[in-house]
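For reference, the structure discussed in these notes is given below.
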Amino acid sequence: MFVNFLRKNVYAAGVLALFRIYLGWEFLKAGWEKLAGPEPFDARGFLVGAAKKAVGEHPAVPGWWADFLNGFAIPNAGFFNFLIPWGELLVGIAMIAGIFTTFAALMGIIMNFAFLFSGSTSTNTQMVLLAIFVLVAGANAGKFGLDYYVLPYLKKYTGKTFARELETKAH
């Protein structure tokens, strides 16, 4: 019943728009600070520090995540130096504009969980919680955004394209 409320109710869409815009602003701000800061963004120190938090009596980072950091993330820190700020910026823009909202919320949750797995709580926990509501609501979360215009167009276009492909294969 609550899921139906999130997915269909116009008042829920209004509250979700507030969640979405707040989340978007936080992501946009974080990405912009990394891209336009006085020094180039470098995730290497954060990644190395996170990997070190996997040891001790009460590790803040799971061992499997530390293995990922040591085996993939740290050796490819340059990739993450690009991915993190641009990912944050693009998720922020999409969430504020309400375009591809569900996908943007999913990408935001993935980034927040990456930070949580790395031992950094900050605002990540509340952002995950709000993004879950946006994700569960689906298209209703973007009702007061560009999704209202884009999703019906995509549904109509992809539906016609799929029907044409079936028709062509049938002949």
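Scan region 60-70 for residues that are within 22 Å of P85 (Cα to Cα) and open to solvent by 80 Å² or more (accessible area, probe 1.4 Å) and the total you get is 1. If you go through region 1-59 and keep only what is open to solvent by less than 100 Å² (accessible area, probe 1.4 Å) and farther than 25 Å from A94 by Cα, you end up with G45, F46, L47, V48, G49, A50, A51, K53, A54, G56, P59.
The values are calculated or read from the model by the stated rules, or taken from the named source; none is laboratory data. Worth saying up front: this structure is predicted, and the values here are computed from it rather than measured. In case anyone asks, the SASA skips ligands and DNA or RNA and just uses the protein heavy atoms, side chains included. Shrake-Rupley method; radii C 1.70, N 1.55, O 1.52, S 1.80 Å.
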